[in-house]
Structures are given as C-alpha cells and as structure tokens.
Amino acid sequence: MASPAVVSAPRSAASSSKTETFVDNKRKDDIRMANIAAAQAVANAVRTSLGPKGMDKMISTANGEVIITNDGATILNKMEVLQPAAKFLVELSKSQDVVAGDGTTTVVVIAGALLKQCLSLLSSGIHPTVVSDSLHKASTKAVEVLTAMALPVELTDRDSLVKSASTALNSKVVSQYSTLLAPLAVDSVLSVVDPEKPEIVDLRDIRIVKKLGGTVDDTELVKGLVFDKKVSHASGGLTRVEKAKIGVIQFQISPPKTDIEQSIVVSDYTQMDRILKEERNYILGMIKKIKATGCNVLLIQKSILRDAVTELSLHYLSKAKIMVIKDVERDEIEFITKTLNCLPIANIDHFRAEKLGHADLVEEISLGDGGKIVKITGIQDMGRTTSVLVRGSNQLVLDEAERSLHDALCVVRCLVNKRFLIAGGGAPEIELSRQLGAWAKVLQGMEGYCVRSFAEALEVIPYTLAENAGLNPIAIVTELRNRHAQGEINTGINVRKGQITNILEENVVQPLLVSTSAITLATECVRMILKIDDIVTVR
C-alpha cells in the first residue's frame, strides 16, 4: 500500500492538514484490509467442506464434547470468532440456514471469493462505494439470470423433490443413506403442508426424535407420536392400550405441599395414620375423577416444584388400568396437543371427556438393543404433524443424521415456497459468470470493471468442487466455460465420474431459492464489510 508521503514544504497549516488526511486514509485502508483478511480466513476454513467430496470438520468444544459435521452453519456457529468482521460471515451462514437451510457453506465461500476480488479492486484505487454499488447491480442481475434458467416443478412431482433432497444429503456424512432419508424428508414435509396455505411449511410440525442404537437404516417416519421414554412400570403398569383415550395433564398427582417451607412435627401414631389416610384419599379422589371420564392413558408434564407422581399414585393408577407416561417436556406439550387434537388440562377440576385425545393404539416397543420407546398410532382427527425417529450407532452419527435430515427438510420446504429447480454441480455459477462477464462489456467506466471481477469470483464454486474431488481444477473450469459458451447451460462437474456431464441427467438438482439467497446474502455481507472504514472500541 502507499506509504504516507514525506512533505518537505514549509510547515504551513494547509500542507500539514493535507498530510494528516493522507495518513488518515492509510488507517482506513488498513482497517479494511484487516477486515477482509479476517473474513477470508473464515471462508477458507469451511472451503474444504464444500460439495459431495468435501471433507468433514471435527469440532472439539471447551467442555470436551466432539462434533463431526459437514454443515457450514454448524461449523461456523461453534467456531470462536473474535474479529468483528469475521463474525459477519458466521451471521451470514446463520441467515442462509434460516432462509434456505442448505447452501450454508456455499454462501460463505462466495463471500470469501467476492472479498478477494474487492481487495484487488481497492488496491487498484477504486473507491469502496463504487465497488459496493456495482456489486449490488451485479447481484440483482445474477438473480434474474438464475430465474431465467430455472425449471418449474410441481409438488405432485415427487421424483424431482426426492432428487433435490438427495442432492442436499450427498455432501453429508450420512450420504450413503440418502436413498432412505430423501424420500422420508419429502413425505414428512408433504404431510404437514396445509392445503389452505400451500406456500408455508412450519418445520416445527415435524418432530425429530433421536434414539441411540441401531443404524441410520432403522430411521423411520411415524404417523403419530413417538416418545423416547419408557412407560412407568411401577407395580405392573400397562404397556399396551388399545382404543386409548389420552389425557395431557399439567398438574401433579401427588399429595399437596404447602407454599412455604416448613416441617410438621407429629407426636403420636394416630395422627400419622390420619395424615397417610388423607393422602391416600386425596390421590384416590383424583384418580376416580380421571377414571370417570374414561381416560386410560396419561401424559404427565415434568414438574419442577414437586413430584408429578409418587409411588403411591402410580400404584393406584396401575390398579385403575391407566397407562402413565411421565416427564413429558414442557416445550413438547404444544406439539403433542396439536397432534392428538386435544387440550392440555391444568387442573383436576377441568378434567372432562371432551378434552381427551383418541388413538387406536398406544404401546411400548422395545428396540433390539434394550432401549424402549412409546408409540401412539391411529390417532383420530390427527393434526397436520409428523414424527421422525432417527437412529444411529453413536452420538456423533446420530447428531449429524439429525442435522442432515434438517437440511433435506429445508430443501423440500424451499421447493414448496418457490417451486423452481436449477441444476447443481457448479453449473449455475459458471453460467452466471459467463453472462455477467458479457454484461460487464456493455457497462461504462468503473462499473464494468467491477462487475467483471465479480463474474470471475463466482467461479470459485466449481473450482472448489473440482479441487475437493481431487480433479484438476484449472482444466475442469476451463472446459466448463467452453461448454457453457457453446450454449450447454446445464453442464456441471460430475464429481462421481470425475468429468463434465449434463448435471440434470445425473439428477443433481437444487432449489432456486438456495442459489438466489446465497448470492444476495453474500453480496449484502460483502457490501457491509466494504462500507466499514474504522473500528471503534468502546470500553
């Protein structure tokens, strides 16, 4: 960079002010360079995990937990980033995760490449504002180009949906199970789409239950509810109930406690007997009320202040032939009541038959490895929800399977929101690069120059894909450019065969929303970094 000039003129006020402003510029440039360098470092950290042949990262957290993942958002989330500008990139991958769910690595890699080009533009002496404005123009144009090359897709066309979901799973650790997980993701999203609001999918309606043991192959979609808990077995409780009437209760079936801490001193046995008798009568009274409504399965919310159930109440409940599932988490209550189409009951006096849910079968199923789960199936008037039971041989695989499934669900959600598909495998990026390059020749002045560098920056995706797959990146990208120049829009890198093919025929497709949001979010982030010329620390 230009160093501050030495002025050998008489130190008049004018010349000194000139020199000072010049020094000031130097500082601004330094801050910019530092920001860009930091952000690039973050981008390079996740670059190797892009694409189906990408590597995985092993993250070891402070408390000794180990996470193995390929998901850009997860990697960046767990990284301790201190530099303020580098935090932008972490937020960037988070927002891509929210908007599209997939492409979290792509968005960071694109941002890194754009920053690299900005560096060379700035060092040529182009003003940051000019760079920023032409970036904005280029990204608007890019979205138009992408939309033009997209193929419309219908929700009835299940094959296309499965193809795009399996593309999202290809780069994950669990990619060998994509034939199982992709259709599973598609079916679960389609089953929660509300016909009245076909555009909106709420992923909270799909509950993923993780259970250690078995392999990922044992993952299944459950039409109903799954709990990874045992039924309480106190004094021979039931483990299977047909024609179940299910009550979700938020009160405690145990003797009442006073509101303040105190102890009662009992001096003789007759009083003690009276206390125990009262307790028994109290609990029996509650259970009689419950039994009177015909309820035979109870889901009891976890209680902090006092025991939700005691040994005594469990004994009486099993005598009354009522099955008990206790310790239901507070945040699951909403999902459960929506699925069972019943109301949570907060007080014993409100326990009425119309508040119960109805199901054909509630049973405890023991899995092969000693674990047990409770399944509720055949629910009447079931809400639009679905449960997925994910299995895995160890905790790492299990967590990664859950994250990958989440990505696949997000991809299907994108397709429901915006029903267009585009090719994957670096095809759209090369096409963008070509069209923006052609458009840059039409533009006047600095803008054309800037747009051309952004066009070059987009080639980072196919380049990285080829690099991660161990191919020769330069030869591959050059050949890709050549094919696209001949008008073969959908040619991309086929990583499996290690050559260039028509990607649509290989079934490598992704939702349009993933690519457009990746480009708009990346450019927004880069523009924000460019606009910063100083960091002020406030103590």
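What the table below lists for this structure:
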read-out: Neighbourhood charge, 13 Å Cβ-Cβ cut-off, centred on residue 280 and excluding it, Lys, Arg +1 and Asp, Glu -1; value: 0
read-out: Kirkwood hydrodynamic radius over Cα pairs of the chain, then Stokes diffusion coefficient at 37 °C and 0.692 mPa s, in µm²/s; value: 121
read-out: Cβ-based net charge around residue 477, under 14 Å, with every Lys or Arg adding one and every Asp or Glu removing one; value: -3
read-out: Rounded if a/c under 1.5, otherwise prolate or oblate - the range 415-539, Cα gyration tensor axes; value: prolate
read-out: Accessible area (Å², per residue) of the range 224-381, counting only protein heavy atoms and a probe of 1.4 Å; value: 57
read-out: Set 94/137; 163/210; 245/319 screened for pairs whose C-alpha atoms are more than 20 Å apart; value: 94/137; 163/210
read-out: The chain: relative contact order as a whole-number percent, Cα under 8 Å and 6+ apart; value: 24
read-out: Convex hull per residue volume in Å³, alpha carbons only, for the range 266-337; value: 98
read-out: Percent carbon-and-sulfur accessible area, the chain, ignoring ligands, DNA and RNA, probe 1.4 Å; value: 53
read-out: Rounded to the nearest 10 Å², the accessible area of residue 501 at probe 1.4 Å; value: 20
read-out: √(5λ) per eigenvalue of the Cα gyration tensor, the range 416-459, largest first, Å; value: 26, 12, 8
read-out: Estimated [θ] at 222 nm from DSSP helical runs (n ≥ 4, -39500 (n - 2.57)) normalised by residues in the chain, nearest 500; value: -16000 deg cm²/dmol
read-out: Relative contact order, percent, the range 224-381 [alpha-carbon distance under 8 Å, six or more residues apart]; value: 40
read-out: Most to least packed among 408-417, 238-247, 111-120 [average Cβ atoms within 10 Å]; value: 408-417, 111-120, 238-247
read-out: In the range 460-530, GluC sites (Glu not before Pro) in a DSSP loop with at most 16 other beta-carbon atoms within 10 Å; value: 488, 505
read-out: Peptides 254-263, 418-427, 124-133 ordered by average Cβ neighbours within 10 Å, highest first; value: 418-427, 124-133, 254-263
read-out: Convex hull per residue volume in Å³, alpha carbons only, for the range 224-381; value: 129
read-out: Cα-centre dipole for the chain with unit charges at Cβ (Lys and Arg positive, Asp and Glu negative), debye to 20; value: 400
read-out: Inverse of mean 1/r across different Cα pairs in the range 46-163, Kirkwood, Å; value: 17.0
read-out: Percent antiparallel among DSSP beta bridges (both partners in the chain, rounded to 5); value: 65
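The values are calculated or read from the model by the stated rules, or taken from the named source; none is laboratory data. These numbers come from a predicted model, not from an experiment. All Cβ positions, glycine included, derive from the backbone under ideal geometry; neighbour counts span all protein chains shown. The area values use the complete protein model at the heavy-atom level, side chains included, leaving out ligands, DNA and RNA. Shrake-Rupley method; radii C 1.70, N 1.55, O 1.52, S 1.80 Å.
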